[in-house]
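Report on one structure; see the data block that follows.
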Amino acid sequence: MSVFNDMWEGIVHYVTDSEMWQRFAGHIVTIVFIIIGTVIAVKIGRTVLRKLFHGRKYSRLRLSEKRETTLEKLILNMFTYVVYFVSLVMILVELSVDVKGLIAGAGIAGLAIGFGAQNLVKDIITGFFIIFEDQFSVGDYVRIGAFEGYVEEVGLRTTKITSWTGEVHILPNSSINEVTNFSINNSVAVVDISIAYEEDISTAESVIEHVIGEMTSQHPEMVRPPEILGVQMLGSSDVVIRIISEVLPMEHWRVAREMRKAIKDRFDKEGIEIPYPRIVTYKRDDMDKIEQEIKNR
C-alpha cells in the first residue's frame, strides 16, 4: 500500500504544481502566438510577392506573362513552405526539443531516403530544369506523351495538364522526356477542300481566293493572308485543294473551322459540287432488262 500511496502523492503533487501549470500555459500561449504569426506572415508575404510580380508589368526588363505566372506560383509555394518550416522549428524549440540533433538526424535520414527515393530526386531536378530553361509555362498548350492540354501548374515535382475535355493529368517531372509546345510560335491552319472532277479547278480556286480574301479583314488573328497551295491530291472521286494560313498560336483550329464553313457556303451559292459517296442500287427485274439489252446488242 505504501507504494501506491507514494505514487498517488506524486501524481497529486504533479497535478497541483502551480509552477508546472504556469510553464505549460506559457508554452501554449507562445505556440498560439507562433501559429498566428505564421498565418499573418504567410498572408502578408504572399500579398507582397504578388504585388512585386504585378509591378513588373511596368518594368522594362520583364519576362513573358506565362513565365512570370509560372515563377510566381513556384515562389509563392516555396515561400509558404519556408515559413511553415521556420514556425515548426520555433515550436519544437519552445517544447525543449533538441533541434540541432533533430536536424542532424534528419540530414542523415534524408540521405538514406534519397538513395531509396531516386525518382523523387529526378522529379525535382527535372522540374528545376523545366523552369530554368522555360521549356513550357502555365497557360501553354502542350503534348507530353499521350497527354495533351493546357498547363495548369509547373512545380518542382509534378506538372498538371488540363485536357480540353476537363480531365486534369498530374505527371511526375521525371517522366517528361519529350514535350511539344504549341504556344511558342505561330500556328498554321491547314484546310483541304474537295471538289468533283466535273468542276473547273480554276473557277473553284477563284471562288476560294475571294472567300479567304474577305476573311482576312474579319479575323485579326491571321498573321498573314491565307494562301492557296493548289491541288494537293487526286482522290478516287474528288480533287483536293489545300489552303494554308499563318495565325496566332493556338488559333489554327478555330480559323480552319471558319474557313471550311465560309467556303462550303460560297460553293453552295456558286453551284460548285463537293463530292460525297453515292450508292446505286438496281432491282432484279431491272438487271434482267439490262442483261437482255446487252445480249440484243
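The values are calculated or read from the model by the stated rules, or taken from the named source; none is laboratory data. Quantities reported herein were computed from a predicted structural model and do not represent experimental measurements. Don't worry about glycine lacking a Cβ; one is built from the backbone with ideal geometry, like all the others, and counts go over all protein chains shown. What goes into the accessible areas is simple: the full protein's heavy atoms, side chains included, and nothing from ligands, DNA or RNA. Shrake-Rupley method; radii C 1.70, N 1.55, O 1.52, S 1.80 Å.
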What residues of the range 144-158 lie in the reach of a label at Ile124, counting those whose backbone N is under 13 Å from a point 7 Å from the Cα along Cα→Cβ? 156-158
For the pair Val179 and Val231, what calculated FRET efficiency results from E = 1/(1 + (r/R0)^6), where r is the Cβ-Cβ distance and R0 = 45 Å, to the nearest 0.05? 0.80
FRET efficiency for Ala41 and Gln218, using Cβ-Cβ distance with R0 set to 45 Å, rounded to 0.05: 0.30
Could you tell me which of Met222, Met233, Ile193 has its Cα farthest along the dipole of the range 191-270 towards the positive end, charges placed at Cβ (Lys, Arg +1; Asp, Glu -1), taken about the Cα centre? Met222
The range 134-184 and the range 228-258 have their Cα centres apart by a whole-number Å value of 28 Å
Average projection area in nm² (convex hull over Cα atoms of the range 113-219, one quarter of hull surface): 10.5 nm²
Ranked output for segments 184-194, 33-43 by mean other Cβ atoms within 10 Å, highest leading, reads 184-194, 33-43
Mean accessible surface per residue for the range 233-272, computed with a 1.4 Å probe while every protein chain stays in place, in Å²: 55 Å²
One-quarter of the Cα convex hull surface for the range 137-287, in nm²? 13.9 nm²
Keeping all protein chains in place, calculate the accessible area per residue for the range 167-213 (probe 1.4 angstrom), answer in Å². 55 Å²
Can you quote the Å³ per residue value for the convex hull of the Cα atoms in the range 156-205, rounded to an integer? 161 Å³
Using a 1.4 Å probe on the protein heavy atoms only, what accessible surface does Val93 show? Give it in Å² to the nearest 10. 90 Å²
